[in-house]
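Before any comments, here is the structure.
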Amino acid sequence: MRNRSFQEAIDVMDRMHTMERGALVVCCCRNENGRMLRSATILLWRYLSKLVIKMMKIPINENKKAFHSGFVLLLLLFLPIWGGCLPTAGQRPSPVEESRNYYWPMPPEQPRFMWETVLRTPGDVEINQKKDVNLLKMIADDSSSSSRRVFQKPVRVAAFKGRIFVSDSMAGVIHVFDAVRRRYFQFGGRFEGKLLQPLGVAVDRAGQVYVVDSQQKVIMVYDPLGLWLRTLGKQSGMVRPGGIAVSPAGDRIYVTDRDPKDGAHHALWIFDAEGGVIHKIAKRGSGDGELSYPADVAVGPDGRVFVLDSGNFRVQVFDRDGKFLAKWGQVGQALGQFSRPRALTVDRHGRVYVVDGSFVNIQVFTDDGTLLLPFGERGQEDGPGLFSSPAGIASDETDRLYIVDQWFGKIEVFRILSEPEGAAILTGQPLSTFRPKP
C-alpha cells in the first residue's frame, strides 16, 4: 500500500508536467502583449485546485511522506510558472506605447483623458488583511478567491464618493466597488428590496442609491451600504423602465420608459422623493419633446435634464420639471453623429458623454451639442480603452468616468485631465504636481 500511494502521487506530478507546459506558453504570451497574466493565473489556480484535491484523497495516514513530497513538488512546479509570468527588466513600454495605451488623444496632441484602472473582480479594490491563511483552503477554494470575475451582465454604473455601483441584470444584484474602504460587496439579492432585473442606477447627494427594476416596474431606494429604504412607482403604470437619474437633492427622479412591443408608450417619468408623479412626457414621435425609444437620462450641474432619445438619434434637453428646451444630434456615420446610442452622462463641467454601440466609442460634446472629441475604440482583445459592447457610463465629483463593457465584463475607469495636467504629459512633468485636490 505504501508503494501504491507514492506511485499515485508521482502520477499526479506527471500529469502536472503537461499542464505546466501549456500554462507556460500562456504566460510567455503575456510577456509578448501584456494581456494574458490574469487568464493564466486563473487557469493555473484551477488546475492546482483539482490536483491538490486529488492528492488529498491519497491515504496520507499510511504514507504521509509521499503526500508531503508530492505537495512540495507541486509548489516547486508552480513557482517557475509564476516567475515566467512576472514582468522582467526591460519590458516597460516605450513612451510612445504608454501614450497609445493610456492617454486620449495621443501626443503630440494634448491629452484630455487618462486611463486609470479596470474593475472586474473583488481583488481590484480589496486588501487582504488576514494574517493567517490556510494555504490548502486558499488553493482548493477558487470560488472564494478575490480574483473571480463577478459580472454576469453588467448594464449601468453610478459613482459617488469612492463607491462605484454597477447593475447586473442577469445576476439580479448591484455590485459595489468601495474604493475608500477597499471592499467589494453586493446588495439587492435577498430579503426586502430584492431585485429581479436591475437596469438603471443613480446616486443622490446623500449617497442614497436608486435602482430601476425593469421586471418589477419599480424604483428601489437603498442607503449607501445597500440597505433597502423604500420602493417607489408601484402604481405609476411604468411599462419597461430602463434609465434613471436623480437630482442632487433627491427631490426629482427621472426614469425613461418604453413599450417592449414597439407600442406608443415611449416616456420620461418625473417623480418626487416619495414616488409621486410630477410630470410625464409620453408622446411618441420626432417633434420637440416627443420621444422614440428613450434609452438613458442624466441631470446636468445646472439641473437641466438630458435624455438620450435613441430612436430619433438625438439628445433632448428639458428643464427640471420636464419643459422642452433644446435638441441636438442626428443619425449618420460621421463624427458627432449617432448610429446606435446606448447611454449618456453629464460631468460636473456640463460636458455630455454619449456611448455608441455601433461606433464602439464615447463621443464628448458641449451641452449644446458641439463635438469635442471621441475616445475609446473597438478591440478584438481586452485592453485599456478597448471596448466590444459598451453599455453604460457615469461620471463623478472627482472628474472620473466609469464605462461598462458587457462583452469584456469590465468597468473601465478614466480621469479627465485638466489643462495643466495635459500640458505636463507633453513636457514629461510628473502628474502628481497637478492632481486635483479631493
>> Contact list please: Cβ distance under 8 Å, first residue in the stretch 159-176 and closer than 12 Å to Val211 by Cβ, second residue at pLDDT below 95, pairs at least six apart or on different chains.
In response: Gly172/Gly189; Val173/Gly189
> What residue, among those in the stretch 165-186 that are open to solvent by 10 Å² or more (accessible area, probe 1.4 Å) and assigned to a strand (DSSP E or B), is farthest from Arg230 (Cα to Cα)?
Replying inline: Arg183
>> Looking at Gly303, Gly332, Gly350, Gly357, can you tell me which residue is touching a strand residue (DSSP E or B) at 6+ places or on another chain (Cβ under 8 Å), surrounded by fewer than 18 Cβ atoms within 10 Å (Cβ to Cβ) and not charged (D, E, K, R)?
In response: Gly332
>> Suppose we filter the stretch 380-398 for residues that are within 17 Å of Pro105 (Cα to Cα) and either in a loop (DSSP other than H, G, I, E, B) or open to solvent by 30 Å² or more (accessible area, probe 1.4 Å) (or both); how many remain?
In response: 3
> Looking only at residues in the stretch 267-299 that are in contact (Cβ under 8 Å) with a residue 40 or more places away in the chain and either more than 21 Å from Leu199 (Cβ to Cβ) or acidic (Asp, Glu) (or both), which one is surrounded by the fewest Cβ atoms within 10 Å (Cβ to Cβ)?
Replying inline: Glu274
> Of the residues that sit in the stretch 241-266 and are in a loop (DSSP other than H, G, I, E, B) and surrounded by 13 or more Cβ atoms within 10 Å (Cβ to Cβ), which one is modelled with the lowest pLDDT?
Replying inline: Asp259
>> Quick check on Leu373: is it part of a strand (DSSP E or B), under 30 Å from Arg205 (Cβ atoms) and more than 15 Å from the chain's Cα centre (by Cα)?
In response: yes
> Given the conditions (1) open to solvent by 10 Å² or more (accessible area, probe 1.4 Å); (2) touching a residue at least 60 places away in the same chain (Cβ under 8 Å), which single one is not true for Pro430?
Replying inline: (2)
> For the stretch 89-109, how many residues are open to solvent by 50 Å² or more (accessible area, probe 1.4 Å) and either at pLDDT 85 or above or aromatic (Phe, Trp, Tyr) (or both)?
Replying inline: 4
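The values are calculated or read from the model by the stated rules, or taken from the named source; none is laboratory data. Computed from a prediction, not measured in an experiment: that's the story for all the values here. Cβ: placed from backbone, ideal geometry, glycine included. Neighbour counts: every protein chain shown. Accessible surface areas use protein heavy atoms only, side chains included; no ligands, DNA or RNA. Shrake-Rupley method; radii C 1.70, N 1.55, O 1.52, S 1.80 Å.
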